[in-house]
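Structure first, then comments.
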Amino acid sequence: MHVENCFVGADGVGETLERRLWRQGITRWDAFTPACDGIGDTRAERIESFIDGGQRALDRDEVEYFDRQFPGGARWRLYETFREQTCFFDIETTGLDHQRNVVTTVTLHQDGDTRTLVRGDDLTDETLAAAFADAGLLVTFNGARFDVPFLETSFDVSLDQPHLDLMPTCRKLGLSGGLGAIERELGVERDLPDVDGREAVRLWHEHERGVDGALERLIAYNREDTVNMVTVLEDVIAELEAEVFPEEHQQRL
């Protein structure tokens, strides 16, 4: 699903009315006319205003417009259109308290490229800001409560891009628990199934003591957390699309 298939960004349009439009064969913006059945003049004007604003935003690659217009629970609809601007990221830390603990590694994955920044090496205010510079949409797992505030407290960086947190998105489908548990339920395999967040803390301390291979294992775990979010998000989106945008409507694209 692309944003051009969506009408819920217009004031006064919810999923029920959106489905009514789709049933009439109006599955894209360019198929909409004010004469659609059951719309009314005022609502038609609002839809046209949203479409006009949306087209201008697409011309500028502006994710923020749709983030403002779409309901919070529909943010997953942004991904397909802005895939190349989507930055998946995950952090590892020495604990849960961003006032007392520190960030050890940050992995970012965008447009097929994966990069890990490491404390004491290349994890700085400048490199972190540069790493997020081209991100139009952020994707995390529980990042709204953990990763984003932890980074903003620890570094001179502001992560104010539109943000899709996978944890509440997964819950829409009844998928709960941590990222690893959800991966197992979806059949996503890991190369390091025995490493978890607690082990990641231990690996960092081993690295500080000079244990060979500890940092490499920590980085591999952090990268796996990050890259696996791509598969989880795409699986979840496929399920959500099937619920809100049935196959008979998809065939009209």
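The values are calculated or read from the model by the stated rules, or taken from the named source; none is laboratory data. Quick caveat, the model's predicted, so the values are computed rather than measured. In this analysis, Cβ positions are derived from the backbone assuming ideal geometry, glycine residues included, and neighbour counts consider all displayed protein chains.
Here are the numbers for the structure shown:
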read-out	value
Given (1) over 15 Å from the mean Cα position of the chain (by Cα); (2) surrounded by 13 or more Cβ atoms within 10 Å (Cβ to Cβ), index of the condition residue 97 fails	(2)
Selected residue (only one of 216, 199, 243 is in a helix (DSSP H, G or I), more than 16 Å from the chain's Cα centre (by Cα) and within 27 Å of residue 82 (Cβ to Cβ))	243
Residues of the stretch 42-67 that turn out to be assigned to a helix (DSSP H, G or I), among the charged types (D, E, K, R) and surrounded by 14 or more Cβ atoms within 10 Å (Cβ to Cβ), as a count	6
Given (1) over 17 Å from residue 87 (Cα atoms); (2) modelled with pLDDT of 95 or more; (3) touching a strand residue (DSSP E or B) at 6+ places or on another chain (Cβ under 9 Å), index of the condition residue 175 fails	(3)
Subset of the stretch 68-84 (residues that are touching a helix residue (DSSP H, G or I) at 6+ places or on another chain (Cβ under 7 Å) and farther than 19 Å from residue 229 by Cβ)	69, 70
Flag for residue 164 being part of a strand (DSSP E or B) and either of a type outside the set (Ser, Thr, Tyr) or farther than 19 Å from residue 110 by Cα (or both)	yes
Filter pass, residue 227 being surrounded by 14 or more Cβ atoms within 10 Å (Cβ to Cβ) and touching a strand residue (DSSP E or B) at 6+ places or on another chain (Cβ under 6 Å)	yes
Cβ pairs under 8 Å, 6+ apart, first in the stretch 52-64 and at positive phi, second at pLDDT 95 or above	61/82; 61/85; 61/136
Some residue of the stretch 85-98 being out of contact with any strand residue (DSSP E or B) (no Cβ under 8 Å at 6 or more places or on another chain), polar (S, T, N, Q), touching a residue at least 12 places away in the same chain (Cβ under 8 Å) and farther than 21 Å from residue 227 by Cβ	no
Some residue of the stretch 180-188 being of a type in the set (A, V, I, L, M, F, W, C), in contact with a helix residue (DSSP H, G or I) (Cβ under 9 Å, 6 or more places away or on another chain) and surrounded by fewer than 20 Cβ atoms within 10 Å (Cβ to Cβ)	yes
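Conditions tested, residue by residue: (1) outside any strand (DSSP E or B); (2) touching a His at 6+ places or on another chain (Cβ under 7 Å).
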site: 107; (1), (2): no, no
site: 117; (1), (2): no, no
site: 120; (1), (2): yes, no
site: 144; (1), (2): yes, yes
site: 153; (1), (2): yes, yes
site: 156; (1), (2): yes, no
site: 159; (1), (2): yes, no
site: 176; (1), (2): yes, no
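Rundown of residues vs (1) surrounded by fewer than 20 Cβ atoms within 10 Å (Cβ to Cβ); (2) within 16 Å of residue 64 (Cα to Cα), yes/no style:
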residue: 125; (1), (2): yes, no
residue: 140; (1), (2): no, no
residue: 155; (1), (2): yes, no
residue: 159; (1), (2): no, yes
residue: 163; (1), (2): yes, yes
